[in-house]
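Undergrad: Dumping the structure here so I can ask a few things about it.
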Amino acid sequence: MTAARSPSARRAHDIGLDVRAPKSRCDDRHCPFHGRLPVRGQVLEGTVVSTSMQRTAVVERTLLHYVAKFERYEKRRRRYLAHAPPCLNVPVGHRVRIAETRPLSKLVSFCIVEDLGEAAHRVRGEEAATVGEAPPAKEETG
């Protein structure tokens with residue numbers, strides 16, 4: 001018999017999607033690459049708008065819906081709660097690909113499987129200043 005590998009020595013396994021496996025490893029049992037979570041169903045893309053929950057991110061998709069009466073488009077949005085594996089380490093403002101899984105909790109039925117990089121536009125609530133820049137000094141008026 002072969003000895004069982006420890007979770008930290010486990011390689012990322014193929015999840016059945018055309019995504020690149022993360023370089024870092026994690027011990028999360030709900031990680032589709034290093035844990036036991038199968039992915040199935042829908043694969044969607046969206047922007048991360050919040051990561052303030054533990055291992056969960058809010059992913060938002062916006063779409064345009066045509067209103068025939070006014071011959072214009074209205075903007076609609078759909079927010080998904082998705083499990084964020086620690087091996088991906090996705091920050092707010094990045095575009096991600098999420099895949100459907102079995103329900104992990106009452107509202108979480110998706111998992112982030114790929115980080116697509118920074119979004120083209122800023123997410124509402126994200127500060128405009130970048131890291132390393134000093135905030136502009138206030139001028140005193142007399």
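Undergrad: Got at least one residue in segment 49-57 being more than 15 Å from the chain's Cα centre (by Cα) and either farther than 24 Å from residue 120 by Cα or assigned to a strand (DSSP E or B) (or both)?
TA: no
Undergrad: Identify, please: which residue in segment 62-94 is surrounded by fewer than 12 Cβ atoms within 10 Å (Cβ to Cβ) and among the aromatic types (Phe, Trp, Tyr) and is, among those, farthest from the chain's Cα centre (by Cα)?
TA: Among those residues, the one meeting the criterion is 70.
Undergrad: Still on this structure: Among the residues of segment 20-29, is any touching a residue at least 40 places away in the same chain (Cβ under 8 Å), touching a Leu at 6+ places or on another chain (Cβ under 6 Å) and not in a loop (DSSP other than H, G, I, E, B)?
TA: no
Undergrad: Pick from 52, 24, 8: which is farther than 17 Å from residue 101 by Cβ, at pLDDT 90 or above and polar (S, T, N, Q)? Quick ask: steps written out before the conclusion?
TA: Working: 24 fails: at pLDDT 90 or above; 8 fails: at pLDDT 90 or above.
Among 52, 24, 8, only 52 is farther than 17 Å from residue 101 by Cβ, at pLDDT 90 or above and polar (S, T, N, Q).
Undergrad: Return the residue satisfying two criteria in turn: it lies in segment 95-109 and is of a type in the set (Lys, Arg) and within 11 Å of the chain's Cα centre (by Cα), and of such residues it is farthest from residue 52 (Cα to Cα).
TA: Restricting to residues being of a type in the set (Lys, Arg) and within 11 Å of the chain's Cα centre (by Cα), the top hit is 97.
Undergrad: Let me ask you something else. Tell me yes or no: at least one residue of segment 27-44 is closer than 23 Å to residue 14 by Cα and under 9 Å from the mean Cα position of the chain (by Cα). Working first, answer last.
TA: Pass one, segment 27-44, residues closer than 23 Å to residue 14 by Cα: 27-44.
Narrowing the set further to residues that are under 9 Å from the mean Cα position of the chain (by Cα) leaves none.
No: segment 27-44 contains no residue that is closer than 23 Å to residue 14 by Cα and under 9 Å from the mean Cα position of the chain (by Cα).
Undergrad: Could you please find all residues in segment 30-77 being without any contact (Cβ under 8 Å) to a residue 24 or more places away in the chain and basic (Lys, Arg)?
TA: Matches in segment 30-77: 36, 61, 69, 72, 75, 76, 77.
Undergrad: If you don't mind, there's one more thing I want to ask. Can you pull out every residue in segment 25-38 that is out of contact with any helix residue (DSSP H, G or I) (no Cβ under 8 Å at 6 or more places or on another chain), surrounded by 13 or more Cβ atoms within 10 Å (Cβ to Cβ) and more than 12 Å from residue 83 (Cα to Cα)?
TA: Within segment 25-38, 26, 33, 35 meet the criteria.
Undergrad: Then there's this: Kindly list the number of the only condition in (1) at pLDDT below 95; (2) closer than 28 Å to residue 14 by Cβ that fails for residue 140.
TA: Every condition holds for residue 140 apart from (2).
Undergrad: If residue 59 passes every condition in (1) modelled with pLDDT of 90 or more; (2) surrounded by 13 or more Cβ atoms within 10 Å (Cβ to Cβ); (3) more than 13 Å from residue 110 (Cβ to Cβ); (4) aliphatic (A, V, I, L, M) but one, which one does it miss?
TA: Checking residue 59 against (1) modelled with pLDDT of 90 or more; (2) surrounded by 13 or more Cβ atoms within 10 Å (Cβ to Cβ); (3) more than 13 Å from residue 110 (Cβ to Cβ); (4) aliphatic (A, V, I, L, M), the one that fails is (3).
Undergrad: Residue check: is residue 97 surrounded by 12 or more Cβ atoms within 10 Å (Cβ to Cβ), closer than 20 Å to residue 117 by Cα and touching a helix residue (DSSP H, G or I) at 6+ places or on another chain (Cβ under 8 Å)?
TA: Against the criterion (surrounded by 12 or more Cβ atoms within 10 Å (Cβ to Cβ), closer than 20 Å to residue 117 by Cα and touching a helix residue (DSSP H, G or I) at 6+ places or on another chain (Cβ under 8 Å)), residue 97 does not qualify.
Undergrad: So if I check each of 41, 46, 35, which one is on the phi > 0 side of the Ramachandran plot and either in contact with an Asp or Glu (Cβ under 9 Å, 6 or more places away or on another chain) or in a loop (DSSP other than H, G, I, E, B) (or both)?
TA: On inspection, the qualifying residue turns out to be 41.
The values are calculated or read from the model by the stated rules, or taken from the named source; none is laboratory data. This one's a predicted model, so the numbers in the text were calculated from it and none came from an experiment. Cβ sites come from the backbone with ideal geometry, for glycine too, and all protein chains shown count toward neighbours.
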